[in-house]
Amino acid sequence: MKKIVFLALILLTTALTTQAQKRWTLEACINHALENNIQLKQNRLAKEQNDVTTLQSKAALLPTLSVSTNQNASWRPWNQSFVNLSGGTMTTTSSEVNYNGSYGLNASWTVWNGGRNLKNVEKNLLASEMAEYEVEHTANSIQEQIMQYFVQIMYQTEAVEVNRQILEASTLQRDRAKTMVQVGSLARVDLVQLEAQVSQDEYSVVNAQTQLDNYKLQLKQIMELVGEVDFDIVLPDVDDADVLAPLPSKNEVYEAAHAVRPEIQSGKLGIESSDMDIDLARRGYLPTVSLNAGIGSSNTSGLHTAVGTQLKNNINNSIGLTLSVPIFDNRQNRSNVEKAKLSKEASELTLQNTEKELYSQIETYWLNARNAQQQYAAAKVNVASMQESYELVCEQFKLGLKNIVELTTGKNNLLQAQQQLLQSKYTALLNQAMLHFYEGQDIHL
């Protein structure tokens, strides 16, 4: 028994360790979110509800059939009866219980109501399709958010490393300055400044790490990851060719997006649904024809006839045709038509606004990507220049040719140039990926 428990503990520990050591790729993050995101699940449930409504509207085309029965019992505790005798009439009192029941089978069918039932089926099918597009729209939104967090994590990971390198250089300079103070070649005030700079660089590392952890937390939340021991991502290899890749045309991206993006397709279906609402409202002026039929019987206690015979003798059949023609409805139908027309105009405006926002978003991604590429090319040159300048200042500081202010300025210039390089690099990558995603491609780096 102890061996079994020990083996179970080993297996559990191994499973937890494996889970803790899992490193997430961009594709794995997206797939996990699409399967587990709560908002997406809610939209899928809404789609299923629309499907049920569609089935219900189809069933409304069929007749209805129902069975009914009514059973009653009556009790007369002092029921009086009269008996004629030769000498007169005698009254007797007794308790009497009577039973009676009725049974019916009824059917009804709306033969024609201006075609509203058929049109309702079409409208509900359209609503189900729109609900499916809403699911796709939510899925796209989730993928975009994951892409943004993923790229931010990539950027912040490199930023942490850059700040650590700066901290290592500052620590090395401080240690060297201590030796120089001891031999009298450097003033103690310069050492104090270097120690303060080390403290500032340590803070920068902690701050960068905190931002990295925050982005990881946000990514975990949208992925619905709870209770993970650790979370790390696989950083893809990115080179200059990826950052400076040619950008697609804005108009080409918009045309492709206009043909496939779910928000556009849903907007088009919204106008089509409004047309159906207008048609349905106009059909309210038309008459309705319905057919009703039924068969029933009844029985009563206290008779000298068997129940089966009573049911047979009391059978009654009925059939009827009902015609309803609207003549005056307090302006209800006319108001419904006018409201439906106004709703269509609102749907058209909504689609126009969605199209405008789509083009604006694509144009923003394109401009951001182009500007980031240009900034990246310039930042690479600037980093190389600042790196060489900083190394030169460091050598001159060792020889006493540069003071602490010049050393700090050179380091800060290098750090700023490296941050600009990282910012432009990942801004270009993110916006390029968004452009390709709007074209209909899968998100990738």
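The values are calculated or read from the model by the stated rules, or taken from the named source; none is laboratory data. Bear in mind that the values here come from a model prediction, so they are computed numbers and not experimental data. No Cβ is skipped: glycine too gets one built from the backbone with ideal geometry, and neighbour counts run over all protein chains shown. Calculation scope for accessible area: heavy atoms of the full protein, side chains included, ligands and nucleic acids excluded. Shrake-Rupley method; radii C 1.70, N 1.55, O 1.52, S 1.80 Å.
Scanning segment 279-326 for residues that are of a type in the set (A, V, I, L, M), farther than 26 Å from Asn106 by Cα and at pLDDT 90 or above returns Leu280, Ala281, Leu286. In segment 341-357, the count of residues that are at pLDDT below 90, open to solvent by 90 Å² or more (accessible area, probe 1.4 Å) and either under 36 Å from the mean Cα position of the chain (by Cα) or of a type in the set (D, E, K, R) (or both) is zero.
Among the residues of segment 171-223, those that are open to solvent by 60 Å² or more (accessible area, probe 1.4 Å) and assigned to a loop (DSSP other than H, G, I, E, B) comprise Val183, Gly184, Ser185. Restricting Glu263, Glu168 to those that are farther than 30 Å from Ala433 by Cα and of a type in the set (D, E, K, R) reduces the list to Glu168. All of Ala384, Ala433, Ala378, Ala417 fail the test of being in contact (Cβ under 8 Å) with a residue 60 or more places away in the chain, of a type in the set (A, V, I, L, M, F, W, C) and outside any loop (DSSP other than H, G, I, E, B), apart from Ala433. Residues that are among the basic types (Lys, Arg), in contact (Cβ under 8 Å) with a residue 12 or more places away in the chain and on the phi < 0 side of the Ramachandran plot do not occur anywhere in segment 185-202. Please work out if Ser128 is at negative phi, in contact with a Ser or Thr (Cβ under 6 Å, 6 or more places away or on another chain) and part of a helix (DSSP H, G or I). Taking the combined requirement at face value, the residue satisfies it. Remark: Asn100 falls outside the filter, which requires a residue to be surrounded by fewer than 19 Cβ atoms within 10 Å (Cβ to Cβ), at pLDDT below 95, over 28 Å from the mean Cα position of the chain (by Cα) and over 30 Å from Ala73 (Cα atoms).
Evaluate the following for Ala257: is it aliphatic (A, V, I, L, M), farther than 27 Å from Leu34 by Cα and modelled with pLDDT of 90 or more? When the stated conditions are applied, Ala257 does not pass them.
Of all the listed residues (Glu122, Glu168, Glu158), the sole one being among the acidic types (Asp, Glu), assigned to a helix (DSSP H, G or I) and more than 30 Å from Lys398 (Cα to Cα) is Glu122.
Here's the yes/no breakdown for (1) open to solvent by 60 Å² or more (accessible area, probe 1.4 Å); (2) more than 20 Å from Asn163 (Cβ to Cβ):
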site	(1), (2)
Glu363	yes, yes
Val393	no, no
Thr409	yes, no
Gln416	yes, no
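Out of segment 418-444, which residues are open to solvent by 70 Å² or more (accessible area, probe 1.4 Å) and not acidic (Asp, Glu)? Gln419, Gln420, Gln423, Gln441, His444 - these are the residues of segment 418-444 that are open to solvent by 70 Å² or more (accessible area, probe 1.4 Å) and not acidic (Asp, Glu). There is no residue in segment 227-234 that is part of a helix (DSSP H, G or I) and open to solvent by less than 40 Å² (accessible area, probe 1.4 Å).
Taking helices (runs of 4 or more DSSP H) as the structural unit, those lying wholly within segment 242-340 and holding at least 1 residues that are open to solvent by less than 80 Å² (accessible area, probe 1.4 Å) and out of contact with any helix residue (DSSP H, G or I) (no Cβ under 7 Å at 6 or more places or on another chain) correspond to 250-260, 307-313.
Here's the yes/no breakdown for (1) out of contact with any Cys (no Cβ under 8 Å at 6 or more places or on another chain); (2) at pLDDT below 90; (3) open to solvent by 90 Å² or more (accessible area, probe 1.4 Å); (4) not in a strand (DSSP E or B):
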{"site": "Gln19", "(1), (2), (3), (4)": "yes, yes, no, yes"}
{"site": "His32", "(1), (2), (3), (4)": "yes, no, no, yes"}
{"site": "Leu62", "(1), (2), (3), (4)": "yes, no, yes, yes"}
{"site": "Leu65", "(1), (2), (3), (4)": "yes, no, yes, no"}
{"site": "Asn79", "(1), (2), (3), (4)": "yes, yes, no, no"}
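When you scan segment 358-376, how many residues do you find that are within 30 Å of Asp239 (Cβ to Cβ) and either modelled with pLDDT under 95 or not aliphatic (A, V, I, L, M) (or both)? Result for segment 358-376: 12. The selection criterion, being modelled with pLDDT under 95 and out of contact with any strand residue (DSSP E or B) (no Cβ under 8 Å at 6 or more places or on another chain), holds for Gln332.
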